[in-house]
Amino acid sequence: MTDDQDELMRALHAEHASALWGYCLRLVEHDHARAHDICQETLVRAWQHPEVLERGPGPVRGWLFTVARNLVIDEWRHRKVRPETLTDTPPEPADDQDRVDALLQGWVVAEAMTHLSQDHRSVLHECYLQGRSVADAARRLGVPEGTVKSRTHYALRALRLALEEMGVTG
């Protein structure tokens, strides 16, 4: 952000943030977290459209309030399409057969992993079992990110082949 944009956003915040916060709070029926999110998203949209900020205080405040109202309406429409399901009872526990299948599948994959090279096993362990990003895995393994990507590609191919040789399909 340039110094001019930074100063413009500071002035916008100083002049309109209080009124915008109050408006957002009323729109979401005093839900402080939602009001904060709506207010913040409105200011981000203002930052993305600096041409609006040059109109003067009256039109800018109207624009901000309109954006906030539209965000609340969009959120309401999204929830209406995908309503939350509230229940007073916890969901039924997973079927024991599902757990047995997952356990057996884990054993089969673990056995197939033994057919891979150490480099391939370690990259799959870091990326899939530990859930690390490519950059984190590269740092932990001491190799470049491109190497992690290519090893992951070839490791998955080798794992798929090992599983097929064991009779696992799909």
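Residues that are in a helix (DSSP H, G or I) and without any contact (Cβ under 8 Å) to a residue 12 or more places away in the chain within segment 135-150 comprise A135, D136, A138, R139, E145, G146, T147, S150, listed in sequence order. Filter segment 128-150 for residues that are buried (at least 16 other Cβ atoms within 10 Å of the Cβ) and of a type in the set (K, R) and give the result. Across segment 128-150, the qualifying residue is only R132. Out of H153, H120, H125, one residue alone is free of Cβ contacts under 8 Å to residues at least 24 places away in the same chain, on the phi < 0 side of the Ramachandran plot, surrounded by 15 or more Cβ atoms within 10 Å (Cβ to Cβ) and part of a helix (DSSP H, G or I). It is H125.
For (1) at pLDDT 85 or above; (2) over 29 Å from the mean Cα position of the chain (by Cα), each residue gets a yes or a no:
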{"position": "G58", "(1), (2)": "no, yes"}
{"position": "G62", "(1), (2)": "yes, yes"}
{"position": "T66", "(1), (2)": "yes, no"}
{"position": "N70", "(1), (2)": "yes, no"}
{"position": "D74", "(1), (2)": "yes, no"}
{"position": "L103", "(1), (2)": "no, no"}
{"position": "V109", "(1), (2)": "yes, no"}
{"position": "H115", "(1), (2)": "yes, yes"}
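If the condition is being outside any helix (DSSP H, G or I), over 18 Å from D74 (Cβ atoms) and of a type outside the set (D, E, K, R), then segment 42-62 contributes only G56. For segment 101-133, the set of residues classified as among the hydrophobic types (A, V, I, L, M, F, W, C) and out of contact with any Ser or Thr (no Cβ under 8 Å at 6 or more places or on another chain) consists of A102, L103, L104, W107, V108, V109, A110, A112, M113, L116, L129, listed by residue number. Scanning segment 129-156 for residues that are under 14 Å from T114 (Cα atoms) and not small (G, A, S) gives a single hit, L156.
The values are calculated or read from the model by the stated rules, or taken from the named source; none is laboratory data. Computed from a prediction, not measured in an experiment: that's the story for all the values here. Neighbour counts run over all protein chains shown; Cβ positions are idealised from the backbone, glycine included.
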